[in-house]
1. Would you say Ser114 is of a type outside the set (Val, Ile, Thr), surrounded by 17 or more Cβ atoms within 10 Å (Cβ to Cβ) and in contact with a Pro (Cβ under 9 Å, 6 or more places away or on another chain)?
2. Under the condition of being of a type in the set (Val, Ile, Thr) and open to solvent by 30 Å² or more (accessible area, probe 1.4 Å), which residue from the stretch 117-149 is modelled with the lowest pLDDT?
3. Can you name every residue in the stretch 151-194 that is on the phi > 0 side of the Ramachandran plot and modelled with pLDDT of 90 or more?
4. Which numbered condition trips up Leu130, out of (1) under 25 Å from His64 (Cα atoms); (2) in contact (Cβ under 8 Å) with a residue 40 or more places away in the chain?
5. So, in the stretch 50-76, exactly how many residues are at pLDDT below 95, open to solvent by 30 Å² or more (accessible area, probe 1.4 Å) and either touching a Lys or Arg at 6+ places or on another chain (Cβ under 7 Å) or assigned to a loop (DSSP other than H, G, I, E, B) (or both)?
6. Restricting attention to the stretch 85-107, does a residue exist that is touching a strand residue (DSSP E or B) at 6+ places or on another chain (Cβ under 7 Å), open to solvent by less than 40 Å² (accessible area, probe 1.4 Å), within 25 Å of Thr157 (Cα to Cα) and not basic (Lys, Arg)?
7. So, of the residues in the stretch 1-49 that are under 17 Å from Gly91 (Cα atoms) and in a loop (DSSP other than H, G, I, E, B), which turns out to be modelled with the lowest pLDDT?
Amino acid sequence: RLRRRLSALHSFIVPLSIPGPTVEASTLSAIAGACRDSETLRFTYHGRDAAASAREVEPHWLVHTGHRWYLVAWDRGREDWRTFRADRIDGCPAAGLRFTPRKPPDNDLAAYVSRSLAYAPYPYRARVLLHAPLETMTGRIPPSAGTLARAGAKRCTLDLGAKSLDRIAVYLALAGVDFEVQDPPELREHMRVL
């Protein structure tokens with residue numbers, strides 16, 4: 001009888017999942033091993049515009065945002081820290097020479113990756129004071145959408161970016177809390193018009 005109920009239950013359940021890009025376990029394993037062993041990696045990377053480029057990096061950390069894997073690495077060709085989406089790396093990266101690990105670009109790697117995803121790559125950027133505690137907004141705003149910081153017991157700041165002021169305005173309107181635009185001034189004016 002219990003078995004029939006469970007069978008009936010399973011036959012009427014439809015999973016609703018957010019499909020995301022997948023990464024082969026062998027790719028993640030190769031990256032993690034190179035991070036652990038301080039070995040350079042060579043791979044072909046596809047950027048946002050899908051253009052392919054050859055990269056040689058010093059891998060330091062893998063960060064998982066809940067939907068995607070990111071590699072934080074020193075890019076030898078660009079001589080700077082970069083964040084790479086693991087699903088945009090072609091095949092399994094090749095390990096190379098050993099390197100001496102560098103000081104991280106930020107003490108809080110999750111915040112560093114959040115900034116590189118939600119703020120840095122966009123032409124329009126904003127800083128907003130939200131009239132809600134950090135703990136409340138952490139549950140509403142994912143790290144990929146913006147970087148939150150405490151601004152007292154009952155307020156926090158949000159740094160975010162987008163392709164247009166309209167997108168930022170809509171996102172803020174949907175946040176469900178009172179807010180003050182701190183920067184840029186043109187967003188304040190845009191919000192008044194809207």
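The values are calculated or read from the model by the stated rules, or taken from the named source; none is laboratory data. This is a predicted model, so every value here is computed, not measured. Cβ atoms come from the backbone with ideal geometry, glycine included; neighbour counts cover every protein chain shown. Surface accessibility is based on the protein's heavy atoms, side chains included, excluding ligands, DNA and RNA. Shrake-Rupley method; radii C 1.70, N 1.55, O 1.52, S 1.80 Å.
1. yes
2. Step one: filter the stretch 117-149 for residues of a type in the set (Val, Ile, Thr), giving 128, 136, 138, 141, 147.
Subsequent filtering for residues that are open to solvent by 30 Å² or more (accessible area, probe 1.4 Å) retains 136, 138.
Numbers: Thr136: 92, Thr138: 89.
Ranking the candidates gives Thr138 first.
3. Gly152 - this is the single residue of the stretch 151-194 that is on the phi > 0 side of the Ramachandran plot and modelled with pLDDT of 90 or more.
4. (1)
5. Qualifying residue count for the region: 6.
6. No, the stretch 85-107 contains no residue that is touching a strand residue (DSSP E or B) at 6+ places or on another chain (Cβ under 7 Å), open to solvent by less than 40 Å² (accessible area, probe 1.4 Å), within 25 Å of Thr157 (Cα to Cα) and not basic (Lys, Arg).
7. Pro21
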